[in-house]
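The structure appears right after this line, and notes come after that.
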Amino acid sequence: MDKSIEDIKDEALKAIDAADDRQAVEAVSTRYIGRKGVITQFLRNLSNLPKEDRPGAGKRANQVKELLQKAITDALSAIDARAAGDIEIDVSLPGRSAQRGYLHPVTQVTHQICDIFRRLGFDIAEGPEVETDYYNFQALNFPKDHPARDMQDTFFVSDTVVLRTHTSPLQIRTMEKYKPPLRIIMPGKVFRCDSDLTHTPMFNQVEGLMVDEHISLGDLKGILTVFVHEMFDEQTGLRFRPSFFPFTEPSAEVDILCVICRGEGCRVCSHSGWLEILGSGMVHPALFENVGYEADRYTGFAFGMGVERIAMLKYGIDDIRKFFENDMRFLGQF
Amino acid sequence: MKASLSWLNQYVSIDMNASDLADTLTMVGLEVDSVTDRYEYLNTVLVGRIVEIVPHPNAQRLTVCKVDTGNRLVPVVCGAPNVKVNMLAPLALPGTQFLDGTVLNKNTIRGETSEGMLCSEVELGLGKDRSGILSLKGSLEVGRKLPQALSLSDPVFEIDLTPNRPDCLCILGIAREIAAIQKTSLAYPDIPVMEAEGEIADHTSVTIEAPDHCPRYAARLLTGIAVAPSPFWLQDRLNSVGLRPINNIVDVTNFVMMETGQPLHAFDFDRLAENRIVVRTAAMGETFTTLDGKDRKLTDEMLMICDGEKPVAVGGVMGGLNSEIEKTSRRVLIESAYFSPPHIRKTARTLGLGTDASHRFERGVDPENTVTALDRAAQLMIEVGGGKLISGVIDAHPKKISRNKVTLSAGRTNRFLGTDLSQKTMAKLLESIEFKVDIEDADTLTVVHPSFRVDVHRPVDLMEEIARLSGYNDIPTTFPPISAGTKLPSRDLDVRDNILRIMTGFGFTEAINYSFMSELSCDKLRLPADDFRRRMVEILNPLTEDQTVMRTSLIPGLLETMHRNASQQVRDLKLFETGKVFINNSLEELPDEVEILAGLWTGLRKPVSWHSAPEDCEYYDIKGVVEGLFQALKIDNVKYSRMPNDLCFYMRPGHTAQVHVNRSAVGWVGEINDQVLKNHDLKQTAFIFELDMSRLSPHMPELQQTRSISKYPAIARDITLIMNIGIESGEVLIKIREFDEALVESIQLFSVFEGGPIPAGKKSVSVRITYRSIKETLQDEAINQLHRDITDRLMRAFQASLPV
Ligand SMILES: [Zn+2]
């Protein structure tokens, strides 16, 4: 016995593959599984094997015969189908593209921020972009002719109307309309007369406000820590440092450990290891007085952040003006 | 605010290095922006060795030296009498900027090149010796930078102060914070009483006619003063915080302002008419020349310091040329006042003139430091300018600024902050920054703030001080209980989010353009004079000419975006934007803000590929988007009708449809007008749609109910109508829907044809109606009957016929 049944099988399958017309396939069939074919020969020669090996080898030879029979049938029907005009296609050519659109990165980051706070039980509120001096400043405890107003370069429409410089007027508008307990998140466009690598005359803010009985500065730290961990990751450290906003007291700037260098110091964080991303504080009692909340009973906190700044950190964007040029080569990356 | 470490050290002994000090100040709320060394300007001054001196060929008193800087010999023309071979001396290289602002250049002095300058102590700002070049002693390495060679170092902290902390607009204020952090003591300057002769009331007087503007005005008089350059120590202090010395009298006023935060002014007493001061508001339209030589137009809200005849200073902002200290001045009247902060701010802003003085007054100086600062200035002027002090001080004080007692509950403070501090700790923290604290009972503290803390009025202000000094980062992080709060409506937000998803699903990319536009935008869109979009909200102080008004349409922004992309060879765009437009409303203070959805499609319908020839997008592509959007929003009964030509300002007539939902107009869809494309410098056409989002949501079902699905087979029948070309083909579909036949499942318009066998002025419109019943298998006969009936009704409605 010169060839094993497995060798015969491999050889036959190769021959079926190589055959490209009916005649050639039939020749392979005759040669291997015909009445005088190789397999028949093999079965005949079984008697040369030791007695105990004969049943196994016989069974295997019949399996191979069946397998070859099926391969030959398939090959014949493939040849028939080709003959009937069913031409194969070049599967490597590009498909018709299912074009998708892209959400603006500012919208995406705004959604990410709002979604985190929605999961924490905050509702969304929106309001006018052209705002009265009362809501933008006075009700937020920025008196007229107070240097605190210099902190925000304001676009004026008239003596009493401005483009809102922050989303904070919505704190007042929402508190005037709804009673505590209140948890709101306020995204929107804001305007400041400033333009350079890190400032555009319009940008987006997300403001948050929580008012209830017994809200503490520690709670503000808790909520913002959860936010930063969700927005960046659990390893992102935070620090709170005293600051000043007329509408919060105490006020705190929130720095996060630089997401680029992890605190080692790099160009993005001006080698400080920290990035300023949030302004926050406990709601100033003057605001509660202005909206008619009981200032003795309720406390609360507020915070605000620039969406573009966070998007710039997240995506390594170095020029804020790119957000509003709407270059498809930029938008198509998000 | 700049503070140098050396100056701070005069009042508090600092036991931290510069970077720790910077961090510490930042963490108590005095944010340090940068730390620089004040001797950095000497980094281009090297230790040089003079190796050769030859007389200048063309100038008797000059020499030409060769100075070794370690790696080369620098030729220097020098006029100093004390140059010697082998002498070590400071060599300033070209580019060095001296304290007086001058910059050293490489130059040629009478034919000899000079590539540096050998400097004296005075020139370097390191001492008072001006007799010759500074001879450096000891074994200094040639070529080293001077600050390193002489170990000159003085860190300067640039502090970005928030407007609530005017008390830190002086070195003493910052030193006070450092002392509180370090728990060490603060050494206030010693001001000995040194009154000499006469009585001030015999020489001058102060009359305050505007007590609201000027609650307090104090003055002292000095006589026999010699105006001269300040001594080195005084110049050095001013230089350390970046102030340029002028003369001893002015320098003292600046020094005391930097030391105590109280701005002062020195008048030449002999130039004051009638030798007296009157504090009053200006006459409307009066002009006045300030110290900087500029003529200022005054308003009647501005406070002027006047003599017996005329104004001599803009109170709290800037002095006048007419009473300035000059070399010949002998008698000096020093002013120390408390001006009302809002008035000063208003004056400074109206004049466009911010000064170190107005910066402090508008934030609020210490109203009880007026006379102390005055005494300090008098003491120093006598010390540096000779002369004598006239006895007595004028302290006109028509309005007292009182300090309130604030009652603070320790328990409430802890609950508010989330801390667990003892009442005693709170008291200690407050006392460390000079608050006066009395413990009333186990919970209550009565606190009086120091006069310089003009920002503290309420218990929360004290809580902030306690939190700040005990450290924000030591406050435990807790999580508030989330009680069942007020629910806010979210429908409009949900609709917008839905639209964002649908539009991106259709392959459109979201753009965000500025909410501004140019006032010329309306002209570019060819809007008529009475168009509502010309009711623009103007910005009084725009940054650029293309951002002068709030946008009244999203189209200018989208067309500009198209232009920007085209200039980068990106010509195929599918863009959309949701955003507000602003329409002036003469009846309301605020404009109407309307949220609009706009889309733009330009260029190819599909990206270039092997499977089909490139085709440009057209009207029916963008219309399909609008139809798909309405379908996705579940808005039915939408009608598209030809936009009348006289409304096609920026749209192309005959290629634009108005969109109505339930008979109310919600927007339009179509092609941009050719002229408008040209106005925007666009070379290819664009298709757009605009929809008023606020008008969409009322037509959307609040609740969606699923239709049952029939298990019986459908039957399709076609109709072809021959009708007048003038009839909009879409009307056929609307009409069939209006019949409201229960068995009609769907309708497709599958062919519109003109010409050929169809008579002129007519067209054929073919629709396929699919019939299906929810209850049974439809019989051919019943359907034929219904189909004939529908056909008849359509023929009547459109005066149509059937094909022959
Ligand atoms: Zn970094």
Fill in: Ordering of B:428-439, B:569-580 by packing [mean C-beta count within 10 Å, highest first]
B:569-580, B:428-439
Discussion item. Give me the net charge for the shell around B:Thr223: Cβ to Cβ below 14 angstrom, other residues only, Lys and Arg +1, Asp and Glu -1.
Written reply: -2
Discussion item. In whole Hz and in residue order, list the ³J(HN,Hα) couplings for region B:444-449 that follow from phi through the Karplus curve 6.51 cos²θ - 1.76 cosθ + 1.60, θ = phi - 60°; x for Gly and Pro.
Written reply: 9, 10, 10, 10, 10, 7
Practice prompt. Could you list which residues have their amide H under 5 Å from that of B:Val74, counting only those 5 or more apart in sequence or on another chain, with H placed in the peptide plane?
Written response: B:Val67, B:Asp68, B:Thr69
Worksheet item: Over what distance in Å are the Cα centres of region B:28-46 and region B:317-374 separated?
Response: 29
Worksheet item: Considering only B:His397, B:Gln748, B:Met27, whose Cα is most displaced toward the positive end of the charge dipole of chain B, charges sitting on Cβ of Lys, Arg (+1) and Asp, Glu (-1)?
Response: B:Gln748
Practice prompt. Compute the FRET efficiency between B:Glu754 and B:Lys683 as 1/(1 + (r/R0)^6), taking r as their Cβ-Cβ distance and R0 = 35 Å, and round to the nearest 0.05.
Written response: 0.65
Worksheet item: So who's got an amide H within less than 5 Å of the one on B:Arg216, skipping anything under 5 residues away but keeping other chains? H placed 1.01 Å off N, in plane.
Response: B:Tyr338
Item to complete: For B:Lys66, list the lysines whose Cα falls under 20 Å from its own Cα; do not include residues on the same chain fewer than 8 positions away.
Response: B:Lys84, B:Lys106, B:Lys137, B:Lys145
Worksheet item: What is region B:715-798's relative contact order, in percent, from Cα pairs under 8 angstrom and six or more apart in sequence?
Response: 41
Discussion item. Could you work out [θ]222 nm for chain A from helices alone, using -39500 (n - 2.57) per DSSP H run of at least four and dividing by all its residues? Round to the nearest 500 deg cm²/dmol.
Written reply: -11500 deg cm²/dmol
Discussion item. Output wanted: per-residue J couplings in Hz (rounded whole) for region B:507-517, from phi through Karplus 6.51 cos²θ - 1.76 cosθ + 1.60, θ = phi - 60°, x for Gly and Pro.
Written reply: x, 9, 9, 7, 10, 10, 9, 4, 6, 9, 8
Discussion item. Using +1 at the C-beta of Lys and Arg and -1 at the C-beta of Asp and Glu, which of B:Gln704, B:Leu374, B:Leu540 has the Cα lying farthest in the positive direction of the dipole of chain B?
Written reply: B:Gln704
Worksheet, complete the sentence: The pairs in A:Lys14/A:Lys70; B:Lys183/B:Lys400; B:Lys294/B:Lys388; B:Lys2/B:Lys183; B:Lys524/B:Lys763 lying past 26 Å Cα-Cα in this model are B:Lys183/B:Lys400; B:Lys294/B:Lys388; B:Lys524/B:Lys763
Discussion item. For region B:139-193 and region B:206-285, what is the centre-to-centre distance using only Cα atoms, to the nearest Å?
Written reply: 24
Worksheet item: Using alpha carbon centroids, what distance separates region B:507-572 and region A:6-71, in Å?
Response: 79
Item to complete: Report, to the nearest 10°, how far helix B:555-566 tilts away from the longest principal axis of the Cα atoms in chain B, using its own Cα long axis and a range of 0 to 90°.
Response: 80
Item to complete: Might you list the cysteines of chain A that have no disulfide-compatible partner by the rule of another cysteine's Cβ under 4.7 Å?
Response: A:Cys114, A:Cys193
Item to complete: At a Cα cut-off below 27 Å, give the lysines reachable from A:Lys179, other chains included and same-chain residues fewer than 8 away excluded.
Response: A:Lys189, A:Lys221, B:Lys487
Worksheet item: Can you list the HN-Hα couplings for region B:547-552, worked out from phi with the Karplus curve (6.51, -1.76, 1.60; θ = phi - 60°), rounded to whole Hz and with x for Gly and Pro?
Response: 10, 8, 9, 7, 5, 10
Discussion item. Calculate the FRET efficiency for B:Ser34 and B:Glu538 from the Cβ-Cβ distance with a Förster distance of 51 Å, rounded to the nearest 0.05.
Written reply: 0.85
Discussion item. Net charge within 9 Å of A:Val161 by Cβ-Cβ distance, Lys/Arg positive one each and Asp/Glu negative one each, not counting A:Val161 itself?
Written reply: -4
Discussion item. Please give the charge dipole size of chain A, origin at the Cα centre, charges +1 on K and R Cβ atoms and -1 on D and E Cβ atoms. Round to the nearest 20 debye.
Written reply: 1760
Worksheet item: Using only helices, what value at 222 nm comes out for chain B when you add -39,500 (n - 2.57) per DSSP H run of length 4 or more and divide by the total residues, to the nearest 500 deg cm²/dmol?
Response: -7500 deg cm²/dmol
Item to complete: Using the structure shown, select from A:Lys36/A:Lys65; B:Lys297/B:Lys327; B:Lys639/B:Lys683 the pairs with a Cα to Cα distance greater than 21 angstrom.
Response: B:Lys297/B:Lys327; B:Lys639/B:Lys683
Discussion item. With angles folded into 0 to 90 degrees, how steeply does helix A:217-231 sit against the dominant principal axis of chain A? Use alpha carbons for both and round to 10.
Written reply: 30
Item to complete: May I ask for the net charge around B:Ala782, where only other residues with Cβ less than 14 Å from the Cβ of B:Ala782 are counted and Lys, Arg are +1 while Asp, Glu are -1?
Response: -1
Worksheet, complete the sentence: Of B:96-103, A:82-89, B:536-543, ordering from highest average Cβ density within 10 Å down gives B:536-543, B:96-103, A:82-89
Worksheet, complete the sentence: With +1 at each Lys and Arg Cβ and -1 at each Asp and Glu Cβ, the charge dipole magnitude of chain B around its Cα centre, to the nearest 20 debye, comes out at 1460
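Here, each number is a calculation from the coordinates, and none is a lab measurement. This one's a predicted model, so the numbers in the text were calculated from it and none came from an experiment. When we count neighbours, we look across all protein chains shown, and the Cβ atoms used for this are built from the backbone with ideal geometry, even at glycine.
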